[in-house]
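Colleague: Handing you a structure now.
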Amino acid sequence: MKFITQLKSAVLLLFCLSFFTEIQAQKNDKIYADLIEEYTTDSRFLPRSMHTFPASSQLPSPLEHFGTIIGAPGVMHHTKDIYNYYKILASKSDRMQMVTVSNSEEGRPIHLLIISSPENLNNLDNYKQNLNKLADPRKMDAKNVDDLISKTKPMYYLNGGLHSTEMGSPEMLMELVFRLLAEESSAMQNIRDNVITLINPVSEPDGRDKQVDWYYRYTKSKKNYDDGLRSSPPYWGKYVFHDNNRDGLQVSQELTKAIFNVFYEYHPVGMLDLHESVALLYISTGTGPYNTYIDPITIGEWQVMGNHDLTQVTAEGLPGVFTWAFYNGWWPGYGIWVANNHNATGRFYETFGNAGANTFMRDLSNTKYAGDPVHSRQWYRPVPPTEKVLWSSRNNVNYMQSGVVASLSYAANNGNQLLKNFYQKGVNNINKWKQGGKYAYVINKNQRDANMTAYLVNQLRVQGIDVHLRKSGNDKGEYVVLLNQPYSGFADALLSKQDYPKTAKHNPYDDIAWTYGLMYGVDVKAIDKAEGFSTNGLEMLTEDVSVKGSDSGSGSNLIINYKAQNEILPLLYKVSSSNKDAKIKISTKPTIAKKEALASGSIMISGADKSTVNLIKDMGLDVIKSSTLPDASTRTVKLPRIAIYHTWYDTQAEGWVRFTFENRKIPYTSINKDDLKDGNLNNRFDVILIPHTRGSVESMIHGIDSKWGPMPYTKTEAYPHHGYPDETDDMTGGPGFDGMDNLKNFVENGGAVITLANGTRMAAETGITRELTSLSSGNLYHPGSLVTTKIRNNGHHIMNGYPEVTHVFRGNLQMYQVGKYQRDHMVMQYGTSQLKDEKIYDGDIMGMQDYKPDSLAVAKSKEKPKHKYVLSGMVKNESKIVGQGAIFDIPVGKGRVVAFTFNPLHRYLNHHDAPMLWNAILNWDVKPKE
Ligand SMILES: [Zn+2]
């Protein structure tokens, strides 16, 4: 009996055990796991959790679907293949949804994957509503917050494939998604049950496909990582290259809009951007200085989450993980900073990548971050990598995936806290003004360029900031940004001046100033205190504002007062293309029409058809109609045929120039070295614009080393994503001496070459103009800041519409100068003080015993400048630049070189500066003074 009972119990126990194991046991895919091990170059690079790989009876693994595991040598996938895999997974799993967010400039879809338990996905709309409430504490009663949070699951967003040469993340994410769906480990169940994971698998799809083609066309055969063969195609997106992660203040590109839309719709508590550059895995916290507007809770989260991930990945056995020593955390315009700017947390990883799926010996001996070698042991890098590492694509996948799983675990285990923080930051922002913060900003509607005022207001709205319009009272028509709103800290940061500490131990990672008012040329007034500021008559804007111009007077002649409006040049191209008989004149001196004082550069149109008045008004410009034109000094406008030049080795700044021209609808032709070589330039163009380009004068002349040639960038059956937006049979070799000679002839025959920032090398250092020479800037340190400038040459048409003292945005760029006796060619200078050689000498002069300078002139020349040089940002050793030339206009033969030593078209940000370039284009055929 006893025996039987025992036997029965044993059988029961066995039965229970086998039942238990049947539910819990994860079937494993040994072949997959073995291949992971095989492609990982060192057991130290294999995370403990990847010794096994889950098998699924329902879902195809990457190996089953593609025939190779993720991270296999020599394999990279196009967006279509990536998306197809996700579509299959989404159709077979109730743990994932796939939605299309938008389409890129080139028409490729941008998708979002939403992964969680089926219960969570069923409740998705409910969670979205809750998060929307938590995002705006004004919408809910504080006492319900804990209850709402307890009923809400946090969302966590992963952004893959933003930088196209950083090829690992779109690959890694496929494997991660398979594991998130198929793996029954407690770690994955915890993530599925407690986080809603949002994944943008290829946030720059245009660049991804060009890059994958590039890999198969060129770099797959590469033997050494740093042999000099380009890792990247010439373009990623249609317009924007690596700066696709510098568009968060403009939100001008589709990929940025997609990231913003996902954030606003789902309000993830964390956003993690997956980059590749640093060995072996860098987890962002940044070195500081952090911008003061960032809530200290966010700064704390960066550290906690960074160190959490470091700890977990290190516990997986992986060496070389670190935080702190890379980037600083000041500039707010990176894509996923939409999270930091809106009360969530934005972070990034840099894993070590080979820009493809080759295995390379990588040399870290000279790589330093924050002053220390990356292979050195530091407090923030407890287990450094060795000086050399043999690195594979699979290693990269292991590292990135371990990090991401760590991140998701953190969100799963700390969801309540993260949601509380998210809500609390909103509360802090709403109350900031009560603790000594500013109360509001006021933007008058009637300003120099009404379109720019509207643009500023609309850009604030793009950033989720409430803007009111005062509809009644004395100040009717002003826009008001009250700082008692959930994103008031960011509103303040956008509208105030930046003050980067000069004593900061670490140099900034990017630009340091962005003040919208100065960037756009719009006056913005700060209101420090609530007392005395009326909120009567304020109505919140519920849609973007647009500008309609007005008309006055009567008659068929049309006059537009010039105030350096950005819309003038596009308007004139429109008028001249739709009105064959229209004559356009421009005033060369101030004048008066219908009692209105007109500035130099004012536009006078005669012979245009009747619809032109509406066209002008629709473009937000005011027009005076008159039966006669004022008897003023004018010149006839001959709108130029414009070429925009690009090299094949650096299309970054040139892409922004094309974007600006197309967005403003200014016609142009894109040209490259082949056009310069072909010559015949005067027959095709009047203006050749050379955008900011990196590289020495040798690279500008000779381009990509022709030892790699011929290197076609053409659309072929095998490489269907190449050949756009420009194509060539051979990217190597620049314009060469012949091409440069043709460019020189173009100018000498009457063409205008306009150079922007370091594009000036191509005119100055090649000797196309001999008057302009490069100037050593010594210890000048000039990270992107807004600085004072002064017109040198009053009445010069390039400065039409600007006051004598104005400002521009300038970064660390090459300086240029003309000789002391050619300073007439300096149109605008940096700062307001004179150069030393221009100051009046008041000492003795041997051989001229009765020398007595004009005492008034001496006193004036010694005056302290009334204007600060730095308006927003920071410059070290500014005396090296104050007085030097910002714009030059130099005659060459029958033509001219106009050289900007800053970039008036910097990333579609400094719209205040752009009309200086529009003026140069509009007046391209005015001969500069010899
Ligand atoms: Zn990157």
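The values are calculated or read from the model by the stated rules, or taken from the named source; none is laboratory data. In this text the structure is predicted, and so the values were computed from the model without any measurement. Virtual Cβ from ideal backbone geometry, glycine too; neighbours counted across all protein chains shown. The area values use the complete protein model at the heavy-atom level, side chains included, leaving out ligands, DNA and RNA. Shrake-Rupley method; radii C 1.70, N 1.55, O 1.52, S 1.80 Å.
Colleague: Between a first residue in the stretch 83-101 that is buried (at least 17 other Cβ atoms within 10 Å of the Cβ) and a second residue that is among the acidic types (D, E), which pairs have beta carbons less than 9 Å apart while being 6 or more apart in sequence or on different chains?
Modeller: Partner pairs satisfying both residue conditions: V101/E265.
Colleague: Something else: Can you tell me which residues in the stretch 320-339 are away from the ligand (no atom under 13 Å from the Cβ), within 19 Å of the chain's Cα centre (by Cα) and open to solvent by less than 10 Å² (accessible area, probe 1.4 Å)?
Modeller: Scanning the stretch 320-339 gives N328, G329, W331, P332, G333, W337, V338, A339.
Colleague: Any idea which of (1) more than 21 Å from L909 (Cα to Cα); (2) open to solvent by 60 Å² or more (accessible area, probe 1.4 Å); (3) not in a helix (DSSP H, G or I) is the one P803 doesn't satisfy?
Modeller: Of everything listed in (1) more than 21 Å from L909 (Cα to Cα); (2) open to solvent by 60 Å² or more (accessible area, probe 1.4 Å); (3) not in a helix (DSSP H, G or I), P803 misses just condition (1).
Colleague: Check the stretch 787-797 and report whether any residue there is under 18 Å from I671 (Cα atoms), part of a helix (DSSP H, G or I) and at pLDDT 95 or above.
Modeller: Taking the stretch 787-797 and keeping what is under 18 Å from I671 (Cα atoms), we get none.
Taking every residue of the stretch 787-797 in turn, none turns out to be under 18 Å from I671 (Cα atoms), part of a helix (DSSP H, G or I) and at pLDDT 95 or above.
Colleague: Oh, and also: Kindly indicate whether Y410 is more than 26 Å from the chain's Cα centre (by Cα), in contact (Cβ under 8 Å) with a residue 60 or more places away in the chain, on the phi < 0 side of the Ramachandran plot and within 16 Å of the ligand (Cβ to nearest atom).
Modeller: Working: more than 26 Å from the chain's Cα centre (by Cα): yes; in contact (Cβ under 8 Å) with a residue 60 or more places away in the chain: yes; on the phi < 0 side of the Ramachandran plot: yes; within 16 Å of the ligand (Cβ to nearest atom): no.
The answer is no for Y410.
Colleague: Check whether at least one residue in the stretch 273-287 is surrounded by fewer than 23 Cβ atoms within 10 Å (Cβ to Cβ), away from the ligand (no atom under 16 Å from the Cβ) and under 28 Å from S365 (Cα atoms), and report yes or no.
Modeller: Yes, the stretch 273-287 contains a residue that is surrounded by fewer than 23 Cβ atoms within 10 Å (Cβ to Cβ), away from the ligand (no atom under 16 Å from the Cβ) and under 28 Å from S365 (Cα atoms).
Colleague: M846: among the aliphatic types (A, V, I, L, M) and farther than 27 Å from L569 by Cβ, yes or no?
Modeller: Details: among the aliphatic types (A, V, I, L, M): yes; farther than 27 Å from L569 by Cβ: yes.
In short, yes.
Colleague: Moving on. Find all pairs meeting these conditions: Cβ atoms under 7 angstrom apart; at least six residues apart or on different chains; first residue within the stretch 772-801 and in contact (Cβ under 8 Å) with a residue 12 or more places away in the chain and closer than 20 Å to G517 by Cα; second residue outside any loop (DSSP other than H, G, I, E, B) and among the aromatic types (F, W, Y).
Modeller: G784/F809; L786/F809; V787/Y830; T789/Y830
Colleague: Let me ask something additional. Quick one: would you say P268 is more than 15 Å from the ligand (Cβ to nearest atom) and either in contact with a helix residue (DSSP H, G or I) (Cβ under 9 Å, 6 or more places away or on another chain) or outside any loop (DSSP other than H, G, I, E, B) (or both)? Step through it out loud before you land on a result.
Modeller: Working: more than 15 Å from the ligand (Cβ to nearest atom): yes; either in contact with a helix residue (DSSP H, G or I) (Cβ under 9 Å, 6 or more places away or on another chain) or outside any loop (DSSP other than H, G, I, E, B) (or both): yes.
Spelling it out, P268 is indeed more than 15 Å from the ligand (Cβ to nearest atom) and either in contact with a helix residue (DSSP H, G or I) (Cβ under 9 Å, 6 or more places away or on another chain) or outside any loop (DSSP other than H, G, I, E, B) (or both).
Colleague: Those residues that are assigned to a strand (DSSP E or B), open to solvent by less than 10 Å² (accessible area, probe 1.4 Å) and touching an Asp or Glu at 6+ places or on another chain (Cβ under 8 Å), I need them from the stretch 390-408; list them, please. It would help to see each step written out before you state the result.
Modeller: Filtering the stretch 390-408 down to residues assigned to a strand (DSSP E or B) leaves 390-391.
Those still in the list that are open to solvent by less than 10 Å² (accessible area, probe 1.4 Å) too: 391.
Passing the criteria: none in range.
Colleague: Right, something else. Checking the structure you have, find out if any residue of the stretch 602-622 is open to solvent by less than 50 Å² (accessible area, probe 1.4 Å) and in contact with a Phe, Trp or Tyr (Cβ under 7 Å, 6 or more places away or on another chain).
Modeller: Yes, the stretch 602-622 has at least one match.
Colleague: Grab the strands (runs of 3 or more DSSP E) fully contained in the stretch 532-586, keeping just those with 2 or more residues being touching a helix residue (DSSP H, G or I) at 6+ places or on another chain (Cβ under 8 Å) and farther than 26 Å from V467 by Cβ.
Modeller: Numbers: elements: 538-540, 551-553, 557-560.
Answer list for the stretch 532-586: 557-560.
Colleague: Here's a follow-up. Can you name every residue in the stretch 806-823 that is part of a helix (DSSP H, G or I) and out of contact with any Gly (no Cβ under 9 Å at 6 or more places or on another chain)? Talk me through it step by step, then tell me what you get.
Modeller: Step one: of the stretch 806-823, the residues part of a helix (DSSP H, G or I) are 820-823.
Those that are part of a helix (DSSP H, G or I) and out of contact with any Gly (no Cβ under 9 Å at 6 or more places or on another chain): K820, Y821, Q822.
Colleague: Out of the residues in the stretch 311-343 that are among the aliphatic types (A, V, I, L, M) and not in a loop (DSSP other than H, G, I, E, B), state the one that is farthest from A491 (Cα to Cα). So that I can check it myself, show each step before the final result.
Modeller: Step one: list which residues in the stretch 311-343 are among the aliphatic types (A, V, I, L, M), which gives 313, 315, 318, 321, 325, 336, 338-339.
The next check asks that each one be not in a loop (DSSP other than H, G, I, E, B); those that pass are 313, 315, 321, 338-339.
Working: V313: 37, A315: 41, V321: 35, V338: 13, A339: 14 Å.
Result: A315.
Colleague: Right, here's the next one. Considering each residue of the stretch 889-911, count those that are touching a Pro at 6+ places or on another chain (Cβ under 9 Å) and either of a type outside the set (A, V, I, L, M) or assigned to a loop (DSSP other than H, G, I, E, B) (or both), and give that number.
Modeller: 7
Colleague: While we're looking at this one, here's another question. Which pairs do you get when a residue that is basic (K, R), found in the stretch 629-651, comes within reach of a residue that is open to solvent by less than 20 Å² (accessible area, probe 1.4 Å) and assigned to a loop (DSSP other than H, G, I, E, B), reach meaning Cβ atoms under 7 angstrom, with the pair 6+ apart or on two chains?
Modeller: Short answer, once both residue conditions are applied: R641/F685; R641/D686.
Colleague: Identify the residue in the stretch 350-366 that is closer than 22 Å to L162 by Cβ and away from the ligand (no atom under 16 Å from the Cβ) and, among all such residues, is least open to solvent (accessible area, probe 1.4 Å).
Modeller: Keep residues of the stretch 350-366 that are closer than 22 Å to L162 by Cβ, which gives 350-358.
Among the residues that remain, those that are also away from the ligand (no atom under 16 Å from the Cβ) are: 357-358.
Numbers: A357: 3, N358: 19 Å².
Within the stretch 350-366, the match that is least open to solvent (accessible area, probe 1.4 Å) is A357.
Colleague: Return yes or no: is E254 open to solvent by 10 Å² or more (accessible area, probe 1.4 Å), away from the ligand (no atom under 16 Å from the Cβ) and in contact with an Asp or Glu (Cβ under 7 Å, 6 or more places away or on another chain)? Quick ask: steps written out before the conclusion?
Modeller: Details: open to solvent by 10 Å² or more (accessible area, probe 1.4 Å): yes; away from the ligand (no atom under 16 Å from the Cβ): yes; in contact with an Asp or Glu (Cβ under 7 Å, 6 or more places away or on another chain): yes.
Yes.
Colleague: Could you give every pair whose Cβ atoms fall below 9 Å, whose first residue belongs to the stretch 571-598 and is hydrophobic (A, V, I, L, M, F, W, C), and whose second residue is open to solvent by 30 Å² or more (accessible area, probe 1.4 Å) and part of a helix (DSSP H, G or I), counting only separations of at least 6 or pairs across chains?
Modeller: L571/L615; V575/L615; A582/S576; I584/S576
Colleague: Taking Y293, is it over 30 Å from K223 (Cα atoms), open to solvent by 10 Å² or more (accessible area, probe 1.4 Å) and within 16 Å of the ligand (Cβ to nearest atom)?
Modeller: On the way: over 30 Å from K223 (Cα atoms): yes; open to solvent by 10 Å² or more (accessible area, probe 1.4 Å): yes; within 16 Å of the ligand (Cβ to nearest atom): no.
Here the answer is no, as Y293 does not meet what is asked.
Colleague: Could you please tell me which pairs satisfy a Cβ distance under 6 Å, a separation of 6+ or placement on different chains, a first residue in the stretch 231-244 that is of a type in the set (S, T, Y), and a second residue that is away from the ligand (no atom under 16 Å from the Cβ)?
Modeller: Correct list of pairs: S231/T219; Y235/T651; Y239/G655; Y239/R658; Y239/F659.
Colleague: Now for a different question. If we keep just the residues of the stretch 619-668 that are part of a helix (DSSP H, G or I) and of a type in the set (V, I, T), which is nearest to G228 (Cα to Cα)?
Modeller: Initially, the stretch 619-668 is screened for residues part of a helix (DSSP H, G or I), giving 652-664.
Subset that is of a type in the set (V, I, T): 657, 660.
Details: V657: 27, T660: 32 Å.
In this case the residue turns out to be V657.
Colleague: If the requirement is being more than 18 Å from L310 (Cβ to Cβ) and part of a loop (DSSP other than H, G, I, E, B), which of these qualifies: K425, K438?
Modeller: Values: K425 fails: part of a loop (DSSP other than H, G, I, E, B).
It is K438.
Colleague: Limited to the stretch 524-555, what total is found for residues that are closer than 17 Å to K476 by Cβ, surrounded by 15 or more Cβ atoms within 10 Å (Cβ to Cβ) and not hydrophobic (A, V, I, L, M, F, W, C)?
Modeller: 1
Colleague: Among the listed residues L280, L249, identify the single one that is touching a strand residue (DSSP E or B) at 6+ places or on another chain (Cβ under 9 Å) and touching a residue at least 24 places away in the same chain (Cβ under 8 Å). Explain how you work it out, then say what you get.
Modeller: Numbers: L249 fails: touching a strand residue (DSSP E or B) at 6+ places or on another chain (Cβ under 9 Å).
Checking each option against the conditions leaves just L280.
Colleague: Would the stretch 451-462 turn up any residue that is open to solvent by 30 Å² or more (accessible area, probe 1.4 Å), under 21 Å from S169 (Cβ atoms) and outside any loop (DSSP other than H, G, I, E, B)?
Modeller: No, the stretch 451-462 has no match at all.
Colleague: Of all residues in the stretch 476-523, which are of a type in the set (G, A, S) and either open to solvent by 20 Å² or more (accessible area, probe 1.4 Å) or closer than 22 Å to K434 by Cβ (or both)? Don't jump to the end; show me each part of the working.
Modeller: Initial filter on the stretch 476-523 (of a type in the set (G, A, S)): 477, 488-489, 491, 493, 496, 504, 513, 517, 521.
Within the stretch 476-523, S488, G489, A491, A493, S496, A504 qualify.
Colleague: Starting from the stretch 720-748, keep only residues that are among the polar types (S, T, N, Q), then list their pairs with residues that are open to solvent by less than 10 Å² (accessible area, probe 1.4 Å) and not in a loop (DSSP other than H, G, I, E, B) whose Cβ atoms are within a distance under 7 Å, requiring at least 6 positions of separation or different chains.
Modeller: T728/Y713; N742/L676; N742/L681
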